[in-house]
Every structure is written in structure tokens, then in C-alpha cells.
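Below is one structure, written out as C-alpha cells, with a few remarks after it.
Just so you know, all these numbers are worked out from the coordinates, no wet-lab data involved. Everything numeric here is computed off the predicted structure, so don't read it as measured data. All Cβ positions, even for glycine, are placed from backbone atoms using ideal geometry, and neighbour counts span all protein chains on display.
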Amino acid sequence: MRQHVNPLSINFNQIEKIPSLSEMFGDPKLNFHLDIGSAAGEFLFDLALVNTSWNYLGIEIREKLVKNAQLKVLKREIKNLYFLFGNANNIFNDVQNKFIFKNLKSISFNFPDPWFKKRHYKRRVIQPEFINMLSNKLQKGTLIFIKTDVKDLFDYMDCTILSNFRFKRIDKKDFNYSESFNPIKVKTNREKYVIVNQLDIYEMIYIKI
Ligand SMILES: C[S@@+](CC[C@H](N)C(=O)[O-])C[C@H]1O[C@@H](n2cnc3c(N)ncnc32)[C@H](O)[C@@H]1O
């Protein structure tokens, strides 16, 4: 079992300057999706190769995974995919990175680290301050997707997001996936594992209003 990385470690306070959207993508004007905790990036590779009318950015706190994924992007000359290393919370808090929110249509949090112990909850990626920051920076209509197999974590994330009055739930029944960042419902690695092991999946979509 892998050792979880503590996102609150001071190692992640120093943020590297991140490239502009036109340095990251061939066409920076395309619809833009962000996946937080992208691990080795397989999910985004699958999406980017099929949906060439979207740009995909993965943010991941394990540096080696990001380096390998980004090398793969360059080798395969994929123009609509990019990976950034760091703690997503710190990257978004940096005022110099405001430009990320331009063209951003959606964000996914797929099976984030659960941090089961109560005293570790503050290491969870979705935090009230993080959601407040997103509510200030995201454009109206931007979507947030959450997915997990841990009910307690789902409740925590759902409650944290809904405690900000600028986000509301979208009923999955009314949601048109074909126009989303994931029209063919590509699965993440953790999701495939959860399905094979017949565990429950808890998921929700929110819209910034
Ligand atoms: C359980 S894994 C899930 C990976 C993938 N999303 C999936 O569904 O298969 C959670 C990932 O989030 C990353 N992570 C945790 N906290 C993070 C943070 N604050 N910023 C960026 N990545 C983070 C972890 O290193 C890990 O790769």
C-alpha cells in the first residue's frame, strides 16, 4: 500500500512558476477541465486522446508521477494535455495563477485520499477555505465533480461544498454527459478497482451559481 503524501508538509509551500495556458496547450481557447489528484494520469490520457476539443490539466502532489506523465505527453506530442506538480490548494491560492480559471469549465476530484483519522481531516484536499477560494475565482456555470468509495469522505466533501451558498447540486438525471469533459464515462484507476471489488461509489456534481 502506498504511503500518502502529507499535503500540509512545508515541502509544498514553495510553488514553481507555472506555464501560461498557451504554453501548456496547442489551442488555449478550448474548453478546459482540471483533474485534481491525477496520479499517473492514465484517466486524462484516455480522455485527451478521444476528446480533442477539450484541454485537460492534471494536478498531482507526487512529483515523480507528474514528471513521468509529462514526459509521456511530450513523447506522444499530445497538445491538449498537461500535468502540474504540487498541492492543488497552494497552486490555486497563488494570485499569479488566476489565469487558470479562464476557460475552466469543470474540475474533478476522483477518489481523493480519505485521511480517515479525524485529526488528519485537514489534509483532505476539499476544505472550507479551498471551496471559498473556488467560489470567488470560478466563473458562474463551472462544474465540480466528486467521486469516492468512502461514505464518510463523501459526506464531508458534500457538506463542505454545500456550506458555500454559491454552489448547488445538479441532479445526475438532468445532466448531459455528452457535452461534458467525459462524454464516454472513462473510468479512473481507482474507479476500475472499486467496480471490480463491487464497492459502493458515491458521487455528486455541483454548479457554481
Ligand atoms: C487515491 S488517489 C486517486 C487517484 C485517481 N484520481 C484515481 O481515481 O485513480 C488520490 C491522489 O491524489 C493525490 N493528492 C492528494 N492530495 C493532493 C493535493 N492536495 N494536491 C494534488 N494532489 C493530491 C495523491 O497523491 C493521489 O495520487
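Classified by the C-alpha gyration tensor, region 10-208 has a rounded form. Its axis ratio a/c, with a ≥ b ≥ c, is below 1.5. Relative contact order, percent, of region 35-169 when contacts are C-alpha pairs under 8 Å separated by at least 6 residues? Relative contact order comes out at 21 percent. Karplus-derived 3J(HN,Hα) values for region 188-204, using 6.51 cos²θ - 1.76 cosθ + 1.60 with θ = phi - 60°, are 7, 4, 5, 5, 4, 4, 5, 5, 4, 8, 6, 8, 6, 10, 10, 9, 7 Hz; glycine and proline are entered as x. DSSP beta bridges fully contained in region 91-209 are about 65 percent antiparallel. Each helix, a run of at least 4 DSSP H residues, gives -39500 (n - 2.57); summed and divided by the residues of the chain, these come to -8500 deg cm²/dmol at 222 nm.
Nearest 5 percent is fine: what portion of the DSSP beta bridges confined to region 10-208 is antiparallel?
Bridges in region 10-208 that DSSP calls antiparallel: roughly 30 percent.
With each label modelled as a point 7 angstrom along the Cα→C-beta vector, the ASN93-SER135 pair spans 1.8 nm. Using the average count of surrounding beta-carbon atoms within 10 Å as a protection proxy, the listed peptides 147-160, 48-61 rank, highest first, as 48-61, 147-160.
Placing dummy labels 7 Å off each Cα toward the beta-carbon, the span from LYS29 to LEU8 is 4.5 nm.
Comparing ASN132, ASN182, ASN197 in a Gaussian network model of the chain where C-alpha atoms under 10 Å apart are linked, the largest mean-square fluctuation is found at ASN197.
For the cross-link pairs LYS122/LYS151; LYS29/LYS172; LYS64/LYS147; LYS118/LYS147, which exceed 26 Å when the distance is taken from alpha carbon to alpha carbon?
Working: LYS122/LYS151 17 Å; LYS29/LYS172 28 Å; LYS64/LYS147 24 Å; LYS118/LYS147 20 Å.
Distance filter (> 26 Å) returns LYS29/LYS172.
What separates the Cα centres of region 133-171 and region 1-64 is a distance of 19 Å. Taking a threshold of 28 Å on the Cα-Cα distance, which of the pairs LYS17/LYS75; LYS17/LYS137; LYS67/LYS140 fall above it? From the list (LYS17/LYS75; LYS17/LYS137; LYS67/LYS140), the Cα-Cα distance tops 28 Å for LYS67/LYS140. Under a Gaussian network description of the chain, with springs only between Cα atoms under 10 Å, the residue in GLU129, GLU16, GLU179 that fluctuates furthest is GLU179.
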